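Engineer: Let me begin by handing over the structure; questions about it come next.
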Amino acid sequence: MDRIPILRMGSFLLVTIQVDLYDRLALDLEADLVQMVNKTSSKGVLIDISAVSIVDSFMGRIIGNIASMSKILDAETVVVGMQPAVAITLIELGLPLKGVHTALDVERGMNLLKSRISIEFGDEDDIDEDGYISE
C-alpha cells in the first residue's frame, strides 16, 4: 500500500511529497500525519511540496485540514517549496489556507517553525540543536 513517509526531526515532523497526490493518498496522508502529531506530541509539521506540480481544490483543502487539526493538537504547520503556478492556482481557487505558514525551502521552513515555537514557549535558547524544547 502506498504511503507518504513522515519523518520525525526532533520536535517536528517532516513530510516530503514526491508524487502528485490522488484523493485516497491525500486522505491517508492527512490521517497518518494527524495521528503522528498526536502520538509524538510534535510541535511542528513541515510539508515540502516542491515536487508537486498540480494542486487542486481537494489537495488545498487537505493542506488546510492538516493545519487546522495540527493546531488543535498544539502544532504549527509550514508548507515549503510551493511552485509559482501552484500558488497562483490556490489564489484563483480562492482557497484560504488558514493556519498554514509558508517558506521558500526546508531550511527556512525549519527556522520558521523554531521561531514560531519560541514565540509560544519563550526564548529560542530553549530549543536545542536537535529541535527539542529544553525544560
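Engineer: Specify the residue that is modelled with the lowest pLDDT; the eligible residues are those in the range 49-63 that are more than 16 Å from T102 (Cα to Cα) and not aliphatic (A, V, I, L, M).
Structural biologist: Ranking the candidates gives S53 first.
Engineer: Next up: May I ask you to list the residues in the range 13-27 that are surrounded by 16 or more Cβ atoms within 10 Å (Cβ to Cβ) and not polar (S, T, N, Q)?
Structural biologist: Passing the criteria: L13, L14, V15, I17, L21, L25, A26.
Engineer: Same structure again: Return the residues of the range 72-90 that are surrounded by 19 or more Cβ atoms within 10 Å (Cβ to Cβ) and closer than 15 Å to L13 by Cβ; say none if nothing qualifies.
Structural biologist: The answer is A75, E76, T77, V78, V79, V80.
Engineer: Is it true that A103 is loosely packed, with under 15 Cβ neighbours inside 10 Å and not acidic (D, E)?
Structural biologist: The answer is no for A103.
Engineer: Tell me, please, whether a residue that is modelled with pLDDT of 85 or more, surrounded by 18 or more Cβ atoms within 10 Å (Cβ to Cβ) and under 17 Å from E76 (Cα atoms) can be found in the range 113-123. Steps first, please.
Structural biologist: Of the residues in the range 113-123, the ones modelled with pLDDT of 85 or more are 113-116.
Narrowing further to those that are surrounded by 18 or more Cβ atoms within 10 Å (Cβ to Cβ): 113-114.
Filter once more, keeping what is under 17 Å from E76 (Cα atoms): 113-114.
Yes, the range 113-123 has at least one match.
Engineer: While we're on this one: Scan the range 31-60 residue by residue and report those that are part of a helix (DSSP H, G or I) and either of a type in the set (V, I, T) or touching a residue at least 60 places away in the same chain (Cβ under 8 Å) (or both).
Structural biologist: V34, V37, T40
Engineer: Among the residues of the range 64-87, are any of a type in the set (V, I, T), modelled with pLDDT of 90 or more and out of contact with any strand residue (DSSP E or B) (no Cβ under 9 Å at 6 or more places or on another chain)?
Structural biologist: Checked against the condition, which is being of a type in the set (V, I, T), modelled with pLDDT of 90 or more and out of contact with any strand residue (DSSP E or B) (no Cβ under 9 Å at 6 or more places or on another chain), the range 64-87 yields at least one hit.
Engineer: Which one of the conditions (1) without any contact (Cβ under 8 Å) to a residue 60 or more places away in the chain; (2) surrounded by 17 or more Cβ atoms within 10 Å (Cβ to Cβ); (3) on the phi > 0 side of the Ramachandran plot does G10 fail to meet, given that it meets all the rest?
Structural biologist: (1)
Engineer: Out of the residues in the range 91-112 that are part of a loop (DSSP other than H, G, I, E, B) and among the small types (G, A, S), state the one that is modelled with the highest pLDDT. Lay out the reasoning, then the answer.
Structural biologist: From the range 91-112, those part of a loop (DSSP other than H, G, I, E, B) are 94-99, 104-105; that's our starting set.
Cutting the leftovers down to among the small types (G, A, S) gives us 94, 99.
Values: G94: 86, G99: 81.
Among residues in the range 91-112 that are part of a loop (DSSP other than H, G, I, E, B) and among the small types (G, A, S), the one modelled with the highest pLDDT is G94.
The values are calculated or read from the model by the stated rules, or taken from the named source; none is laboratory data. Please read these numbers as outputs of a predicted model, since none were measured by experiment. Heads up, the Cβs are rebuilt from the backbone with ideal geometry, glycines too, and the neighbour counts pull from every protein chain shown.
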